[in-house]
């Protein structure tokens, strides 16, 4: 199979995102709530069933009616869950290093461990068509009056768009800095990258640096990202994982299951490898070799590698953010399965010269 037709992975640098929506996950929140509710119902029913039997209520039909009621509840709740999940536009943003809560006006994301020099924050979203102003903040806590180390404020005024930068400290705004060109277009997807350096925040979009904003608050105090409600979020990621990275696949890999990876290859990256592992070896090995401009696919079993498949061209760009989706089909990834016991594949491994933001199993 040609590289462009690979079923294993569809790689999207940020430039491709503006023509196609990012891959959206169906939220599992409703399913989790449903399962918890059913467990509670089952436990309550299990506790009181001996009592009903002891009291001999069966002749009154009470126990039978209760049994039917529980079964009907299962069906009604499951149907509601399916309908809500399909209709809802809610997206599950699964991140390695951030946790998110929603308020009436903003999305608050806690950065575990705070910011450090050399780290990157990636934010991908869509500005709503009726929005006149937006904001993305790096701030010190989630309180409404928290200090804001970096305030990114796109504005749409008089048929023009520009971005204002500022700091909010001790209850007072600083002097605004303005850039005439804005990467935030109404009702369009945008992707911004904030690189933390010793001297400043480097705000980049569309592969070019938009603005350097000097620090006015120590980066060690910054632990929260705040995003305006007029932004429909697709992804927030805070780079914090150093490869090699391993993620356990609960209950193994199954046909039609997907894995989504977000990361940035280092500028001097020589190779990146993605491995689907099982107890005794590697069921599938996918490696990008930058020096050879080639992709290699293989399997490692019984202590040795098999015959590798090699194709020219690499779907990554060094130094550029990417989204990778691995889709497993019943018959193949992008080559015929050499290891057929998919349920035994229980680990996804990512290694090589890259900064890793997120690995999601869906």
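Every read-out reported here was derived from the displayed coordinates using simple, explicitly stated rules and does not represent laboratory data. Just so we're clear, the structure is a prediction, and the values are computed from it rather than from any experiment. All Cβ positions, even for glycine, are placed from backbone atoms using ideal geometry, and neighbour counts span all protein chains on display.
Assorted remarks:
- Residues 123, 317 arranged by fewest to most Cβ contacts within 10 Å: 317, 123
- Among 358, 160, the order by Cβ neighbours within 10 angstrom, fewest to most, reads 160, 358.
- Computed over the range 240-292, the quotient of the alpha carbon radius of gyration and 2.2 N^0.38 Å is 1.31.
- Structural size metrics of the range 98-238, computed from C-alpha coordinates, are Rg and Dmax of 13.8, 41 Å.
- Ranked 356, 233, 128, criterion: other C-beta atoms within 10 Å, fewest first: 128, 233, 356
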